[in-house]
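Reviewing the structure listed below.
Values in this text are rule-based calculations from the coordinates and carry no lab data. All values derive from a computational prediction rather than experimental measurement. As a convention, Cβ positions derive from the backbone with ideal geometry for all residues, glycine included, and neighbour counts pool all protein chains shown.
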Amino acid sequence: MPDTERAADETDTAAPVRPTVEGRDDLTTFLPDERHAVLAILFTDLAGSTKLAETMTAGAIKALRREHDAVLTEIIQQDGEGLAVKSTGDGLLAVFRTPTVAVERALEMQRVLRTHERLNAVGVRIGVHMGEVSVEPSAGTNTDVFGHNVAWAARAEAMARAGHICVTLPIYDDASRHLDEKVCKWKAHGEYVLKEGERPLDLYEPHEADAEPMDAPRGDRRYGDHPKTWNVPIRRNRNFTGREEILTEVYESLRAKDPAALTQTEAIHGLGGIGKTQIAAEYAHRYAGDYDCVWWVAAEDDAARPAEYARLARALDLPEKDEQEQDVIVAAVRDWLRTHGKWLLILDNAPAAESVHDLLPDGNSGHVIVTSRSAAWRDVARPVSVDTWPRDESIGFLRAR
């Protein structure tokens, strides 16, 4: 994986060879906003560069890196729609104005590399992600791009195999609507991680018709079929955009054995439609592979809550499933939850903490998510505030529509 913090002028790297294009030789002139911008971020990396040292001299490896930089920079910067920001040692970091152009350039890179006299024997990995970046001064370059979106682009590259491209869902959503399938074919690989605890990436592979896609990316597939015990009523929205920081916060909270309550801030108290239910549904689908049981309870109605527990009792085939007294069934379900792990309980649109207190099991053997307009959950769960979208996620949503 490229080191996004590495200076481009270190002795074992080669700075990108930038064509002389007026107004395109500096990041601050390339961007409409000198401090923040929503861009497609692309990383390349020479695959197996460590093994090259076993068969090539240091001078030959440096020459190969320079050739890689020169060939790819020319492709990146044609028409002024992309910019090679810096060398990362064995690859390049580049930015593009649109996801579609980034994918077009990535496809062109792999097409050129497949027939290149020297680089075709090495193989290059490419990864692309879209999001807001910060533009700041950096040692060795006039400016550089920073932020979590840069890191996620690097992760996408690290999961591509030599000669292939991995892009994330925001890139796929945009580019797949604009590129003719005669120009670009797509393979959906699913959600992968390189290391335990990382946020998974939903990976797609663009490829030309005459190029075979990967069997699978590098890394581990995290999410497959739903667990047997599953009743989430909302199908996964493939256009789900944004809220990544909230999803990460909920993920980390639940791994710390804290129930997580998705609540609105006081500024929007009482307003619906801000996306709490969609966040909970996305979480359930995204992390389905972590659980043996995922159960959704429509918690706004007093009668519906115990009825959903009765359905769960039947799904689990509990001995008490046919009891006439709902309190007996609820107690049996709570006891099952207390004594089992790998389950996720979602209480959607709960009016208040006291309304669901009798449903929650003792202990913390599983995970609980509550969505609510109320912010008063501190005695039951750790509140996670849902506010309006930040700028980059709003733009990503509009582009995906």
#### Entry: Proximal lysines to residue 187, defined as alpha-carbon separation beneath 24 angstrom and excluding residues fewer than eight positions away on the same chain
195
### Task
Rank the residues 360, 107 as a footprinting-exposure proxy: fewest other Cβ atoms within 10 Å of their Cβ go first.
360, 107
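Compute the relative contact order of segment 27-221 as a whole-number percentage, counting only Cα pairs closer than 8 Å that sit 6 or more residues apart in sequence. Mind showing how you got there, number by number?
On the way: 382 pairs, mean separation 43.6, N = 195.
That works out to 22 percent.
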#### Entry: Residues 325, 104, 208, 54, sorted so that the one with the fewest Cβ neighbours within 10 Å comes first
54, 325, 208, 104
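Based on the alpha-carbon gyration tensor of segment 64-137 and its eigenvalue square roots a ≥ b ≥ c, which shape applies: rounded if a/c is under 1.5, prolate if not and a/b is larger than b/c, or oblate?
Values: a/c = 1.99, a/b = 1.50, b/c = 1.33.
Prolate, since a/c reaches 1.5 and a/b exceeds b/c.
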## Note on the structure
Fewest-first ordering of 362, 301 by Cβ atoms within 10 Å yields 362, 301
### Task
Quick one: grab the alpha carbon gyration tensor of segment 27-221, order the square roots of its eigenvalues as a ≥ b ≥ c, and give me rounded if a/c is under 1.5, else prolate or oblate depending on whether a/b is larger than b/c.
rounded
### Task
Pull out the extension gain between residue 162 and residue 326, defined as 0.36 nm times the separation in residues minus the alpha carbon to alpha carbon distance; nm, one decimal.
53.2 nm
### Task
Towards the positive end of the charge dipole of segment 27-221, with charges on Cβ (+1 Lys, Arg; -1 Asp, Glu), say which of 120, 84, 43 has the farthest Cα.
120
